[in-house]
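Here is the structure we will look at, set down as structure tokens.
The values are calculated or read from the model by the stated rules, or taken from the named source; none is laboratory data. Here the structure is a predicted model, which is why all the values come from computation and not from measurement. For neighbour counting, all protein chains shown are included, and Cβ atoms are generated from backbone atoms with ideal geometry for every residue, glycine included. Surface accessibility is based on the protein's heavy atoms, side chains included, excluding ligands, DNA and RNA. Shrake-Rupley method; radii C 1.70, N 1.55, O 1.52, S 1.80 Å.
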Amino acid sequence: MFGLDSTQDATDREVTPAELEPSAAVSRSIANPLPEQTTRPRTNVRFIRGWFWRGLAVVGEVTVAFLTRELVAHQQPRFAPFITFYPAVLLASLLDGVWAGAAVTVLSTLVAEVFIFAPKGELAVTDPYDILSLVIFLLFGISLSIVIELYHRNREKLAAYMVEEAVSHERRRREEERKLAQSIQAERQRLYDVLETLPSMVSLLRPDHRVAFANRSFREKFGQPGDRRCFETRYGRTEPCEDCETFLPLTTGQPLKREVSFPDDTLMEAFDFPFKDLDGSSLILEMGNDITARRRAEIELKKHREHLEELVAERTRQVESAKERLEAEIRELEQAQRRVSESRAKLEAALSSMTDSVIITDRDGQFVELNDAFATLYRFKSKAECVRNFGEFTSLFEVFTAGGEPLAGEVFPMRRALCGETGTNVEYGYRRKDTGESWIGSLSFGPVRAEDGAITGAVITARDVTERKRAERELAEARLQAERTATQLRTIFESVEERLYVCDRDGNAIMANSVARRTYGKLPVAPSVMEMPGLMDVFDLEGRQLDLLEWPISRVLRGEHIHSVEVKVRFKAIDQERILSCNGSAIRDQSGEIVMAVLTSADITDRIRTEEALRRSEKMALQREQFQALAERLRRAREEERTKVARDLHDQIGQILTAIKLDLTWMSRRLPKANDEFHDRMTGTIGLINEGVESVRAICTGLRPGVLDDLGLPAAIEWQANEFASRTGIYCAVTVPGTDLSLDGDQATEFFRIFQECLTNVMRHAQAKSARVALYEEDGDLVLLVADDGKGFRESDLSDSLGLLGMKERAQVCGGDLEIASTPGNGTTVTLRVPLHTARSRNNDYAHSDSR
């Protein structure tokens, strides 16, 4: 290489002057620079030399122009006087400059004045227009001559400038070539020095396996190559290696990278390049680096990395499994919530459509639900003016038993229902204390039970039966005077709102009111008992169809006294199925024989459906509470899992990486200082370990910020806001208490997760430029406020946001309330308010910081 002998030591050899001299072309270029330009380009070049000849040319040009004009004017008398003189002026200016052009112009003016313009042959002009033509031609000819002269001079200056620039460029080029030759000479010497100081082993191998050149690192490893061949120097062999790939680049023309192991267990990374010597012979340039220690470190690091990946994969699988379970449970919870909403809507629709008064209470006597019929029954102007609890009811109304005695509070229908009792069509008298109005109500009541059977409230339905009672009393009187008051009896029958049917002992209809007849299909007369199976089907509440003998009217005809017997009837004429509550008794003569049967039936379909809807609603509410409890347990489990994963990563993987870093640092300090490349690689490996430690720290922070556990909620919120501002570029102003708050771990975690979700929404949806965060105490509550100046949204769009639903669920877990206020174009404000209870601030000092 570079003309070195294969046995000569490169460090002891001096570089010959011939090797350091620049090339012959460069030397000639430096030795023979461009000669200096001693003369400037000649200006004002004239094509005609001598004043005599110039004057003769001027006269000749004017004469030719005049003769040409006269020749043309002989044929065309109106030919322009100066049209042939203009080319003469232009030719004189181009050939001999401004003075020739001016002379031709003046002489042409005189010739035209004497020989063209009248009077001819005299030096005078009589026509003013001719004078003007002469003056214009004179001025134009002189101006044209000056312009052409300026053009000539500028062109000559430009040519001189371009010549000077070419000379300067050539001088610079020659100077650069001279400097290049000097730098080549210096770089060649520097190359030798660099090769000698390189920590890598550099050598040149000839096709016969002899070492043409070896640097200091090679000689220190294998000794002086001398006349030995590479396999003798490196392996102590007498024959070339069977699998030798060193000279493969000479065949392929491409560099080769390979790893070579030596008898002393040293591992070297070798790079073989095809190389041409000065004489054109082919050589192999080989560079080798000792990678034994690095490979051992990589193997050890790979083991730790694989172990870390296994741990992370296992945790990831666990987290994903928990996430899938949580998502499935959330979907089930949402479906349950939709079903509850639908049941709620159906319940409200059923209550509003019912003519009977309905109230639903809780165990404390508060009216949870009531319908419009309640206001009508108890003489209120509107539903909004109704009483809302049992205490207000008893203070406004007096209640009497059927015998007229005041009803004690402990035996009120609501109290009995809360004790587990049920009642149907129980009649009470009512009187309003403020207006004195009184009426009779028929009540049905019962308890509302949870899925486990526990009583959670009471439901009471009622209707005003004042008129019915009055009708019943009139009917009783009419029975004694049936023969005399048949018309009045029919009127009473028709006024009864319930279905009323009377038949003789053989089942033949005596009378039925209009409600009953409409039910049977608008018949002119009521059907007999035997005809009824063709008009209706009767079932018990379990759905079993009853025989005619089991019907309520048949039982009354057999002498039974029935009270509140509930059956399901399908009327064929109107194709409806209704639930009836039947009351009936037989009328006997003095001997005790049955002479007729009376049956009344009240339509309780709406009440039954309402009770069923209430039971379903209570069940759905219980399921929702259970789902909320399950979701809370899952959130806690997820936080505990995150905390555990973060702790495992920090304690185990962090300790392992730190131990590796300490060992490598110890090794780096004890390595020989001459091995710079190994020091660089060791430093790079330590840097990679530092990056791994930072990555583990970042993962731990993402799973569970340590500042939340170590410094508390205010410091965690301020830290998260700073991280958010640095990551997104959104200006963030933060106001938090100066010290920690007395929050338990779950409350602080839910607070922090809600705050993270708020910042995520600002980054993803708000398109904001700034945000404001405040944590403070107000009226016994701990308040977190997050406001942005983004695009905002309509509050009607909140219903379909799972993220906002999750935030509200977390707020409920904390026992607080989450408010979201936003209008399009005016940003969004999220306020989380939680009663402090034990979460009292230790002092009232507040710290303020701005994050960018």
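A few points about this structure:
- Protein-only accessible surface order, largest first, of Ser145, Ser770 at 1.4 Å: Ser770, Ser145
- Cα centroids of the stretch 529-605 and the stretch 372-451: 30 Å apart.
- Taking label positions 7 Å along the Cα-Cβ direction at both Phe262 and Gln366, the computed distance is 8.8 nm, reported to one decimal.
- Here the accessible area of the stretch 414-483 is 45 percent carbon and sulfur, with a 1.4 angstrom probe and all protein chains present.
- Taken as Cα centroids, the stretch 321-369 and the stretch 750-792 sit 31 Å apart, rounded to the nearest whole angstrom.
- Taking 24 Å as the straight-line reach from the Cα of Lys469, the lysines in range (excluding those fewer than 8 positions away in the same chain) are Lys433.
- Percent accessible area from carbon and sulfur atoms, the stretch 92-144, protein chains only, probe 1.4 Å: 78 percent
- Accessible carbon and sulfur surface of the stretch 265-337 relative to its total accessible area, %, 1.4 Å: 54 percent
- Accessible area (Å², 1.4 Å probe, nearest 10) - Lys179: 110 Å²
- Difference of contour (0.36 nm per residue) and Cα-Cα distance, Asp680 to Thr394: 93.8 nm
- Partner lysines whose Cα lies under 23 Å from the Cα of Lys619, excluding those fewer than 8 positions away in the same chain, are identified as Lys346, Lys808.
- Packing-based ranking, highest mean first, of 343-351, 365-373 given that Cβ atoms within 10 Å are counted: 365-373, 343-351
- Accessible solvent surface per residue of the stretch 94-154, calculated while the other protein chains remain in place, 1.4 angstrom probe, Å²: 57 Å²
- Thr376 - accessible surface, heavy atoms, 1.4 Å probe, Å² rounded to 10: 100 Å²
- Taking 0.36 nm per residue of separation and subtracting the Cα-Cα distance, full extension of the segment from Glu777 to Asp127 would add 223.0 nm.
- Legend: calculated FRET efficiency, Gln189 to Ala160, from the Cβ-Cβ distance at R0 = 45 Å, rounded to 0.05, equals 0.50.
- Per residue, the accessible area of the stretch 317-475 comes to 52 Å², computed with a 1.4 Å probe over protein heavy atoms only.
- In Å², nearest 10: area of Thr424 left accessible to a 1.4 Å probe: 40 Å²
- Note on Thr251 and Glu577: their simple-model spin labels are 9.2 nm apart, each label 7 Å out from Cα toward Cβ.
- Computed over protein heavy atoms with a 1.4 angstrom probe, the accessible surface ordering of Ser281, Ser726, largest first, is Ser726, Ser281.
- Length gained when the stretch Phe539-Asp227 is fully extended (0.36 nm per residue, less Cα-Cα span): 100.4 nm
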